[in-house]
1. Out of all the residues in region 248-266, which are within 12 Å of the ligand (Cβ to nearest atom) and either under 21 Å from the mean Cα position of the chain (by Cα) or more than 16 Å from Ile372 (Cα to Cα) (or both)?
2. When Ser56 is evaluated against the numbered criteria (1) closer than 24 Å to Gly240 by Cα; (2) within 14 Å of the ligand (Cβ to nearest atom), which criterion, by number, is the only one it fails?
3. Taking region 219-244 only, how many residues are more than 9 Å from the ligand (Cβ to nearest atom) and open to solvent by 40 Å² or more (accessible area, probe 1.4 Å)?
4. Restricting region 17-30 to residues that are more than 16 Å from the ligand (Cβ to nearest atom) and not in a helix (DSSP H, G or I), which is farthest from Ile77 (Cα to Cα)?
5. Just name the residue that is surrounded by the fewest Cβ atoms within 10 Å (Cβ to Cβ) out of those in region 209-218 that are over 27 Å from the mean Cα position of the chain (by Cα) and among the aliphatic types (A, V, I, L, M).
6. What are the residues in region 208-218 that are in contact (Cβ under 8 Å) with a residue 40 or more places away in the chain and away from the ligand (no atom under 15 Å from the Cβ), if any?
7. Just one of Ala493, Ala522 is surrounded by 14 or more Cβ atoms within 10 Å (Cβ to Cβ), at negative phi and either in a helix (DSSP H, G or I) or in contact with a Cys (Cβ under 9 Å, 6 or more places away or on another chain) (or both); which is it?
8. What do you reckon, is Arg367 modelled with pLDDT under 95 and touching a strand residue (DSSP E or B) at 6+ places or on another chain (Cβ under 8 Å)?
Amino acid sequence: MPRSLSPLPERQGELSLGPRPERIAELESREFDLLVVGGGITGCGIALDAAARGLSIALVEARDFASGTSSRSTKLIHGGLRYLRQREFGLVREASAERRLLQHLAPGLVSSIPFVLPVYSSRWESLTYRAGLTLYDLVAGFRDTTQHRRLSNEDITTHHPGMRRDGLKSAYRYFDAVTDDARLTLQVAKVAASLGAVCVNHAPVTALLRQASRTTGAAVTDSITGRDFRIKARKVVLAGGVWLDDLLALDTPRVAPRLAPTRGIHIVLPGDYLPAGTAFALTAPADGRLVFAIPWHHRTFVGTTDSPYDGDPANPPFNLAEVDYLLDAVNHHFPDAGFVRADVVAVQSGLRPLISRAGRGLEDLSRRHRLIRTPPGVLAVGGGKLTTYRRIAGKTVDAVLRDLTAAGMHFPDAGLDTENVPLNRRIGHEPPARACGVSGLAPTDYLTWAYGAHAPRMTQPTTPGGDPAGRELLPGRPYLESEVSYSVRREMAVNLSDFMSQRLRCLLIDHDHGLACAGRVAAIMGKHLGWDEREQLRQVENYRALATRHSLTPNALPSPPQPNPGSAD
Ligand code: FAD
């Protein structure tokens, strides 16, 4: 590294998910080698890997791409410092290698960021952290250019003046990487589509089709039109994240549940207090767990917690004790910050699709993925990490190919390994020096980061002398009206919420969740999608309801259980 990337194959088409009605017609019209169920990072990664190897791929997502856990993570592409405690050395090594590779394949979208880890407890604890960080570098093979180092008093005074000095034993700096999880997932889906995968959102699988004892496809509903249709496929992979047990039940009713989901919340705080460009690994005063505070877009993203959950996977709630726990962690280390509940811009609650293991406590549940093969020949993927999605996809497609070959089918190897397939290549642009993880991204950098080589289209008028493509959507923010049209045409945004939450991330980072521009966005989307005024209003109301579930006041449960200690992400 850095190595050169493969020239993309001639069969690569446009970087676009394409017009949805045409993609649905395609899904109905032929038999696919593989049907992937679930459009999170795992499903999209599998679609990309399989398409790169030359298989014909259909992918359906029940809601929007990345609307499940893949938009609700800590946004780290990391080796996983915490997993060293669980002796998951193999996972840390694999994740560290992916961290390096993804920075190369998706420059700007995945970017390195320094973390400061202050230690206030005993000298012994300080030595333990030092040993852990040395091991972290060692397991990564010392291949990252910047290894950890102990910060001097002068470093701390100069660069982190707000950090609590009272009782500080030492502070270390190490590197991990940060991303925008939903954007990364969308980008993987678009690259998969450019290699021939047919990916459609808002299309839940309602039943699996069976011929003799073999699964041969799925019945699907188009949630936008309400129409049912069928997809024929030689092999089906279930990548349903926390919905995996529901999907497995469609295949084999009455099987024991495999999942043990845990819930993790994050809070979004104003980004102007913590030093720009640095993330912090903070020890929660309540229980000694690590809590990360990461510069993300123009905000500080703080999390996470870890508690068991068995409610509705689509809308996991949060409670005020969890919010206070995270606020305390930040205020304890930055006493002058004095963050209070009223400062919280948004709350994100997500579920880890962990696989249960008899006799294991929450904190011991591995972040490794598991492949499950059902009697009718369906493969299901559970567990895993955003960071290791490419490896999970590779192993899943290996298993798919083994099964299809055993059934007498043969596939010419297209010779493309996703290790060489760029995700965010910028043609004629250097990656922006300041990436998504760093607050204060300039508008041009923002566009390059979000759209790669397509960025210049955002500032060009869509018709000669017409449509003011470059008009701002929200005062003081880098978003442009042209992004709305782009998202509808190329990224399959079909609801206002798709755009505001998975594409712009207004839901999490903007004042009042960006509701100030919701009407305007609905009007632009409406032009493309044929919404009348009533439908536009309905879209805004739906988005307002979603925004409410991410704001502190009405959604929070007042008398909650304490968040469980244990390892998180
Ligand atoms: P999902 O993203 O949930 O995708 C599954 C999809 O399947 C959903 O979109 C769902 O709508 C769809 N689906 C369900 N049923 C159907 C159906 N019937 N038909 C069609 N589609 C269906 N990992 C990291 O590497 N770094 C981190 O910093 C990190 N932080 C995390 C923090 C938290 C709090 C959590 C919860 C997780 C974190 N993770 C992290 C883990 C990572 O986010 C997940 O492992 C990953 O996003 C899981 O992706 P997935 O595609 O398996 O699941």
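The values are calculated or read from the model by the stated rules, or taken from the named source; none is laboratory data. Only a predicted model underlies this, so the values are computations on that prediction, with no experimental measurement involved. Counting neighbours? That spans all protein chains shown, and the Cβs are built from the backbone with ideal geometry, glycine included. With ligands, DNA and RNA removed, areas are computed over all heavy atoms of the protein, side chains included. Shrake-Rupley method; radii C 1.70, N 1.55, O 1.52, S 1.80 Å.
1. Filtering region 248-266 for residues within 12 Å of the ligand (Cβ to nearest atom) gives 248-251, 259, 261-266.
If the condition is that a residue be within 12 Å of the ligand (Cβ to nearest atom) and either under 21 Å from the mean Cα position of the chain (by Cα) or more than 16 Å from Ile372 (Cα to Cα) (or both), then Leu259, Pro261, Thr262, Arg263, Gly264, Ile265, His266 are the ones that fit.
2. With (1) closer than 24 Å to Gly240 by Cα; (2) within 14 Å of the ligand (Cβ to nearest atom) applied to Ser56, the lone miss is (2).
3. 9
4. By that ranking, first place goes to Arg30.
5. Ala212
6. Here is the first cut: in region 208-218, the residues in contact (Cβ under 8 Å) with a residue 40 or more places away in the chain are 208, 210, 213-215, 217-218.
Arg210, Ser213, Arg214, listed by residue number.
7. Working: Ala493 fails: either in a helix (DSSP H, G or I) or in contact with a Cys (Cβ under 9 Å, 6 or more places away or on another chain) (or both).
Only one candidate qualifies: Ala522.
8. Details: modelled with pLDDT under 95: yes; touching a strand residue (DSSP E or B) at 6+ places or on another chain (Cβ under 8 Å): yes.
Yes.
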